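Undergrad: I have a structure I would like to understand better, so I am pasting it below and will then ask my questions one at a time.
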Amino acid sequence: MVDFNFNINSIFPQEVCLVRNDLIPAGYQGEASHASIRHQVATVLDVMGEASARAQGLKNAITSGNKMLNMENQTAYILVDKFGNNGMGSVVGLLKVGRKKLFLLDEVGKPNEMVPQCVLDFYVVESRQRSGCGKRLFEFMLRGEGVDPRYLAIDRPSPKLVSFLRKHYGLVHSIPQVNNYVIFSGFFKDQPQAAASQAPKKARIYMGKLQYV
């Protein structure tokens, strides 16, 4: 678990709380100023983002407080242990999602311009992995976003995340792409309208790369 020198329980009122680009946790009704809360939430996002990057072997963190401030269409879900850090609460996990405009290849290699819900960052502290924490966090996100796991596009999933998706959601067969995103069989079947782009571009494969013309 990750401990901080401020009261996590006073910031995040539920076991799982969502944070958007205002950096005010959903449901927060405390008395502290919003400026103070934003600073503390940004600190949590910075620390968890760095921990996630180290765990994945990435040079740069995908998640930070500053990055969240500048992204209107992203949501971070924070999992906390209310009993950690002598009752002040500890942070256990981070899951960041958001819609991205992507060109994705279907099973026959046809490019499709779409705006699917994407998993952008997912991390559970090492000491709490394989204890159900990741599943609780992921399930909360699925309910909150109203999305079926098969319709998610995963940005550079780690081997642990690939194994997690296979174990809990039966996502086994991926559809090859030419970008960093991974999608699975069933992604294009009855895809919700919200994921479809309104202004598709023509695309072609040239020398093994996807180009838009």
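Undergrad: Please verify whether segment 97-118 includes one or more residues that are closer than 22 Å to P13 by Cβ and in contact with a strand residue (DSSP E or B) (Cβ under 9 Å, 6 or more places away or on another chain).
TA: First pass over segment 97-118, keeping only residues closer than 22 Å to P13 by Cβ: 97.
Filter once more, so that each one left must be in contact with a strand residue (DSSP E or B) (Cβ under 9 Å, 6 or more places away or on another chain): 97.
Yes - at least one qualifying residue is present in segment 97-118.
Undergrad: Let me ask something else about it. Might you check whether a residue that is under 13 Å from V19 (Cα atoms) and open to solvent by less than 20 Å² (accessible area, probe 1.4 Å) occurs anywhere in segment 98-107? Quick ask: steps written out before the conclusion?
TA: Initial filter on segment 98-107 (under 13 Å from V19 (Cα atoms)): 98.
Restricting the remaining residues to those that are open to solvent by less than 20 Å² (accessible area, probe 1.4 Å) gives 98.
The answer is yes, given that some residue of segment 98-107 is under 13 Å from V19 (Cα atoms) and open to solvent by less than 20 Å² (accessible area, probe 1.4 Å).
Undergrad: If we scan segment 36-52, do we find a residue that is hydroxyl-bearing (S, T, Y) and buried (at least 18 other Cβ atoms within 10 Å of the Cβ)? It would help to see each step written out before you state the result.
TA: We begin by selecting, within segment 36-52, every residue hydroxyl-bearing (S, T, Y); these are 36, 43, 52.
After this cut, where a residue has to be buried (at least 18 other Cβ atoms within 10 Å of the Cβ) as well, the list is 52.
Yes: segment 36-52 contains one or more residues that are hydroxyl-bearing (S, T, Y) and buried (at least 18 other Cβ atoms within 10 Å of the Cβ).
Undergrad: Further question on the same structure: Is it the case that segment 42-51 has a residue that's in a helix (DSSP H, G or I), touching a Phe, Trp or Tyr at 6+ places or on another chain (Cβ under 6 Å) and not aliphatic (A, V, I, L, M)?
TA: Within segment 42-51, none of the residues are in a helix (DSSP H, G or I), touching a Phe, Trp or Tyr at 6+ places or on another chain (Cβ under 6 Å) and not aliphatic (A, V, I, L, M).
Conditions (1) of a type in the set (K, R); (2) under 15 Å from the mean Cα position of the chain (by Cα), marked per residue:
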site	(1), (2)
A76	no, yes
G87	no, no
D106	no, no
K110	yes, no
V124	no, yes
R136	yes, yes
M141	no, yes
E145	no, yes
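Undergrad: Okay, next question. With respect to I11, determine if the residue is under 22 Å from F140 (Cα atoms) and surrounded by fewer than 20 Cβ atoms within 10 Å (Cβ to Cβ). Walk me through how you get there before you give the answer.
TA: Numbers: under 22 Å from F140 (Cα atoms): yes; surrounded by fewer than 20 Cβ atoms within 10 Å (Cβ to Cβ): no.
Here the answer is no, as I11 does not meet what is asked.
Undergrad: Let me ask something else about it. Do we find a residue being open to solvent by less than 60 Å² (accessible area, probe 1.4 Å), under 30 Å from Q193 (Cα atoms) and out of contact with any Leu (no Cβ under 7 Å at 6 or more places or on another chain) anywhere in segment 81-92?
TA: No, segment 81-92 contains no residue that is open to solvent by less than 60 Å² (accessible area, probe 1.4 Å), under 30 Å from Q193 (Cα atoms) and out of contact with any Leu (no Cβ under 7 Å at 6 or more places or on another chain).
Undergrad: Of Q29, Q74, Q56, which residue is at pLDDT below 95 and either buried (at least 20 other Cβ atoms within 10 Å of the Cβ) or within 21 Å of G144 (Cβ to Cβ) (or both)? Step through it out loud before you land on a result.
TA: Working: Q74 fails: at pLDDT below 95; Q56 fails: either buried (at least 20 other Cβ atoms within 10 Å of the Cβ) or within 21 Å of G144 (Cβ to Cβ) (or both).
Only one candidate passes the filter, namely Q29.
Undergrad: Something else about it: Among the listed residues K59, K82, which satisfies the condition of being under 18 Å from F6 (Cβ atoms) and touching a helix residue (DSSP H, G or I) at 6+ places or on another chain (Cβ under 9 Å)? Break it down stepwise before answering.
TA: Values: K59 fails: under 18 Å from F6 (Cβ atoms).
Of the residues listed, the single one that is under 18 Å from F6 (Cβ atoms) and touching a helix residue (DSSP H, G or I) at 6+ places or on another chain (Cβ under 9 Å) is K82.
Undergrad: Here's a follow-up. Would you pick out the residues in segment 18-41 that are of a type outside the set (D, E), within 22 Å of M141 (Cα to Cα) and not in a helix (DSSP H, G or I)?
TA: L18, V19, R20, N21, L23, I24, P25, A26, G27, Y28, Q29 - these are the residues of segment 18-41 that are of a type outside the set (D, E), within 22 Å of M141 (Cα to Cα) and not in a helix (DSSP H, G or I).
Undergrad: Continuing with this model, one more query. If a residue must be touching a helix residue (DSSP H, G or I) at 6+ places or on another chain (Cβ under 6 Å) and either within 30 Å of Q40 (Cα to Cα) or among the charged types (D, E, K, R) (or both), how many such residues does segment 98-116 contain?
TA: 0
Undergrad: Further question on the same structure: Being open to solvent by less than 60 Å² (accessible area, probe 1.4 Å) and at pLDDT 95 or above is the filter here; which residues of segment 117-136 pass it?
TA: Passing the criteria: Q117, C118, V119, L120, D121, F122, Y123, V124, V125, C133, G134.
The values are calculated or read from the model by the stated rules, or taken from the named source; none is laboratory data. This one's a predicted model, so the numbers in the text were calculated from it and none came from an experiment. Quick reminder, even Gly has a Cβ in these numbers, built from the backbone with ideal geometry, and neighbours come from all protein chains shown. Please note that ligands, DNA and RNA were not included when accessible areas were found on the heavy atoms of the full protein model with its side chains. Shrake-Rupley method; radii C 1.70, N 1.55, O 1.52, S 1.80 Å.
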